[in-house]
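Reading through the structure tokens given below for one structure.
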Amino acid sequence: MIRYVTYARYSSEQQSRCSIPDQQRKCREYGAREGWHEVRAYEDEAVSGVGSDRVGLERLMSAACSPLRDFDVILVDDTSRLSRSLPDVVMLHQRLTHHGVRVIAVSQGIDTEHEQSEVLIAMHGITDSLYVKELAKKTHRGLEGKFLNGLSAGGRCFGYASIPAEGGGVRWVTNEVEVEIVREIFELSAAGFSLKAIAGILNERKIAPPQKRADRPHPTWCPSAIREILRRELYIGKRIWNQRKYVKTPGTNKRVSRPRPQSEWKVQDVPELRIVGDELWMRVQKRQNLLKEVYAESGRKPVNRASSSAYLFSGFLKCASCGANLIIVSGGGKGARYGCPQHWNRKACSNRITVRSKDVEARLLAGLQDEVLSDHVVDTVVERALQAIRKKDATSQGEARIRELDGEIKKLVSAILKVEDSDNLLNALKEREAERRELKAAKASGTQLTEEGIRSSVREALSDIAGLLKKAPEQAKAKLSEHLKEIQMIPQANGSYLAAGEWDLLGVRGPVMVAGAGFEPATFGL
Ligand SMILES: [Zn+2]
């Protein structure tokens, strides 16, 4: 039976208070899946520094390096829990490997038993900021913890107000004014009104829409908000967690949403939050499904945000006139065109220019690749990676220390031969021999971290992004969102757009500007 311990660390720079239990839960889920036995849990609360204030880690390390060690594996959420500093992580890893302790970072899938783990650990430290996925996963986990505790998993939901819950956090109660509007929306839909018609009715009556957002100067109802409401199971007293996953663009409110498999959903009954009766709900769902079939048969696609999410730049392109995200407003596949939803769905913005997604994507990608994947940027990133590695300095300094130890060992051996009571000398000799062994082992396992190895790994990671950008837009979007905040689409008098934005790669920044020459002018409109 394999025995494991967990190590969790909460740091003020990272997410919520639930953090330590959430990390432990993830580790235990992993241990349980493997059928392993938990020995104990180590943790450090709210310490961001290094050294003596990380008592939990120190205890863990001394237990791990002790001859009386009573576990085989250390499970951590990810390597950054051990330390935020790459050289420290590498050093800890080498010490543990030396003592035969296996470390598994459950969220990253790094297992020190695998050959490439050291390179993975180093790469992870270096390219951390290349991947937005991790951040999203961590936030998600924090929210999942809250959900499991019955607290509001964040956000606002039309029809409800959040009030402080006992013991911290917030919980939802129904908001009587909004409850009436939710019921009216369901009744209008059941009576045959379209999404667009319902949005129009509510806008005409100047009813406040679900979310007021700072970057949307025209808060109005839109068809997709109506559709969202008509599909929300919470209105029949069911809370479903984990239906979709969101990748948030750092520093903005933009999120990209994707569905999760039903097996990952978690459902909770909350009868006190029910707003709509089963009979009305079923009538509306039947009608919505029927519409879906009609659309499918006619080959027309209902135009909405979700259908445009497969397009590489959806969520990044902003209408420079009103601040809305451009979405696919017409066509599908190769003929899909981006346009301002405030104009096309609600007539609330004067920008009626549309542009083929294919053209925007080709031109912006070419612009990005020229800028981001230039030798200069790649070299800067590689240099940063190498700096982190050099700090570790294992090879050069270790070499000198080994020579020094060889000299001392020689002297000690000859001293031991000369004196009789040599216990102290023997201990000194043992100590130096142990240190020498450790350095040798560190050196041996560190050989994978050569400059050239790192250089090619970083290049590979970067060119991988370039490849993904072309082949798999869904995955590429997550990565793109780490480097690109937004692209302002500025309507030009000749019916084309000027695209302007800024990219950021590990803190190396630059502008990307694509003139509208290649964008085909709008050929249709009102
Ligand atoms: Zn607009």
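The values are calculated or read from the model by the stated rules, or taken from the named source; none is laboratory data. As the structure is a computational prediction, the values presented were derived from the model and not from experiment. Virtual Cβ from ideal backbone geometry, glycine too; neighbours counted across all protein chains shown.
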Boolean, residue 227 is modelled with pLDDT of 85 or more, under 21 Å from residue 286 (Cβ atoms) and loosely packed, with under 14 Cβ neighbours inside 10 Å:
no
Taking segment 330-343 and keeping residues more than 9 Å from the ligand (Cβ to nearest atom), within 24 Å of residue 203 (Cβ to Cβ) and either assigned to a helix (DSSP H, G or I) or modelled with pLDDT of 85 or more (or both) leaves 338
So, in segment 249-282, how many residues would count as being crowded, with 16+ Cβ neighbours inside 10 Å and modelled with pLDDT under 70?
3
Mind counting the residues in segment 322-353 that are polar (S, T, N, Q), more than 16 Å from residue 196 (Cβ to Cβ) and over 28 Å from the mean Cα position of the chain (by Cα)?
2
Just one of 323, 315 is touching a strand residue (DSSP E or B) at 6+ places or on another chain (Cβ under 7 Å), on the phi > 0 side of the Ramachandran plot and either part of a loop (DSSP other than H, G, I, E, B) or away from the ligand (no atom under 13 Å from the Cβ) (or both); which is it?
315
In segment 345-362, residues that are near the ligand (Cβ under 9 Å from one of its atoms), at pLDDT below 85 and either outside any loop (DSSP other than H, G, I, E, B) or in contact with a strand residue (DSSP E or B) (Cβ under 9 Å, 6 or more places away or on another chain) (or both) total 1
So which residues in segment 7-23 are among the charged types (D, E, K, R) and at pLDDT 75 or above, if there are any at all?
9, 22
Scan segment 17-39 for residues that are among the acidic types (Asp, Glu), over 13 Å from residue 1 (Cα atoms) and over 19 Å from the mean Cα position of the chain (by Cα) and jot them down.
29
Residue in segment 51-65 that is at pLDDT 90 or above, at positive phi and not in a strand (DSSP E or B) present
no
Within segment 470-505, restricting attention to residues that are in a strand (DSSP E or B) and more than 17 Å from residue 338 (Cβ to Cβ), which residue is modelled with the lowest pLDDT?
505
